[in-house]
Structure formats: C-alpha cells, structure tokens
1. Would you compute, for the Cα atoms of region 1-49, the largest minus smallest coordinate along each principal axis and list the three values in descending order, in whole Å?
2. Two decimals is fine: what's Rg over Rh for the chain, C-alpha atoms, Kirkwood radius as Rh?
3. Express as a percent, rounded to the nearest 5, the fraction of DSSP beta bridges in the chain (both residues included) that run antiparallel.
4. Does region 79-120 come out rounded, prolate or oblate by the C-alpha gyration tensor, with a ≥ b ≥ c the root eigenvalues, rounded set by a/c under 1.5 and, if not, prolate when a/b is larger than b/c and oblate if not?
5. On full extension of the chain, what length is gained from Arg105 through Glu46, given 0.36 nm per residue of separation minus the C-alpha to C-alpha distance?
6. Provide the packing ranking of 108-119, 156-167, i.e. peptides ordered by the mean count of other C-beta atoms within 10 Å per residue, highest first.
7. Would you mind calculating the gained length between Thr91 and Glu149 on full extension (0.36 nm times residue separation, minus the Cα-Cα distance), in nm to one decimal?
8. Spin-label point model (7 Å from Cα, Cβ direction): what's the Asp9 to Glu173 distance in nm?
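Derivation of every value follows stated rules applied to the coordinates shown; laboratory data play no part. This is a predicted model, so every value here is computed, not measured. Counting neighbours? That spans all protein chains shown, and the Cβs are built from the backbone with ideal geometry, glycine included.
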Amino acid sequence: MRIEIVEGDITGRTVDAVVNAANSSLLGGGGVDGAIHRAAGPELLEACRELRATTLRDGLPVGAAVATPGYGLQAQWVIHTVGPNRHAGQTNPALLASCFTESLRIAEGLGVRSLAFPAVSAGVYGWDARQVAQVAFDAVRSYAARSPEGGVELVEFVLFSPETVAVFRSVLESGF
Ligand code: AR6
C-alpha cells in the first residue's frame, strides 16, 4: 500500500473512493463534507437520507464508516466517516484511528484500489494536524500489515492548506 500526500481539493481526485469527514447525522455540513455534497450533487444527500431511514436510524457512530455512490464525483464511492470532536471532549486517538481503519475495511470490501482521505477531525472538530497525521499513518500502516493481500494499492491524503501538507510530510518523513 503506497501513501501519497497531495495538496488540493479532495472532490476533484480521480480515485476509486474519497473519504468524507462527516458528522453522525450524515446530512451534510461545512468543510470537506459540504464540498463533497456540493460536488456530488443532491443524490448524495438522498442516499444519506435513505441510510438514516433504514440501517442508520441513530446516525453513524464516531469512528464508524459507511459507503454511498459518488454520483457527480469522479470517484465511484464516497466513504463517510465521523471523526471524534475534540470540542465535545472526544480526545481518544483510538476513535480517530478507527475512522481510517474502518474506511479501509469498507474500501477493501468494495474492491477499491485507490482511496483519498482528508485530514479527518483536523478542522471543525479541533484536532491538531500533527496528531491526525500520526494517527492516520499508523492506522494505515497497521492495516496494510494485517491485510497484505488487500486490494487497496494507493492511499492519498488530500490536504487543503500548504501548512497541513507540510505537517503531514514532516510526520511521514520522520517515520512518526
Ligand atoms: N478538500 C480537502 N480538504 C478539505 C476540503 C476539501 N475540499 N475542505 C476542507 N478541507 P473539516 P472535521 C480540510 O472541518 O474537522 C463538517 O461540518 C480542512 O481544511 O471538514 O472532521 C462536518 O459535517 C481540514 O484540514 O472536518 C462535521 O460536522 C480537514 O479538511 C465537521 O465539519 C477537515 O476539516 C467535521 O469536522
């Protein structure tokens, strides 16, 4: 499994799946969630509403992940995950690690070969980008070690700001 760091907007990535940093309602929001919903179009919200009306009546728990089609995106799939909200006292890194691990597990089940993650929880949810990078790389590497035959070949981290790119690069290069 290759890890790459990309600066830019995750909605334009040509990968099999993009991960959305959603909230438990799955009904949209700001940040990367808003951008993905705008780019994918209204069918994405319809698909999320359908999930809420059927399998996810209480919402998507923190650390869990679920897939919908990508609709207007280049990506075939959107994998929605809910990061821990530091402002709500959710400071356990295992919850954040679970977002990456669960997204990979779902991606593998869908036959996804390339996957793009944003910096889950590093925006509105208040986590420090360095800690997100450490948890994310650790989770991805542990997953790859446990699932050496897994189908996901490329994991991109698509980061909006040059500052976040620099932080992720330094963590990756330091071996964290
Ligand atoms: N492409 C890549 N990264 C982006 C984009 C984009 N288009 N837009 C923002 N980011 P956030 P969270 C970066 O707040 O902290 C939403 O309202 C952003 O700069 O999107 O997990 C949800 O509905 C930051 O580095 O996600 C939830 O309520 C990173 O993506 C809540 O925010 C994550 O920031 C989730 O908060």
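1. Rounded to whole Å, the extents work out to 34, 20, 18 Å.
2. Numbers: Rg = 14.7 Å, Rh = 15.8 Å.
Computed over Cα atoms, the ratio is 0.93.
3. Numbers: 5 of 23 bridges.
Antiparallel bridges: around 20 percent, rounded to the nearest 5.
4. Verdict is prolate for region 79-120.
5. On the way: separation 59, 0.36 × 59 = 21.24 nm, distance 2.39 nm.
Taking 0.36 nm per residue and subtracting the Cα distance, the gain is 18.8 nm.
6. Averaged packing, sorted descending, gives the order 108-119, 156-167.
7. Details: separation 58, 0.36 × 58 = 20.88 nm, distance 3.24 nm.
Difference between extended and current length: 17.6 nm.
8. Reported label-point gap for Asp9 and Glu173 is 2.9 nm.
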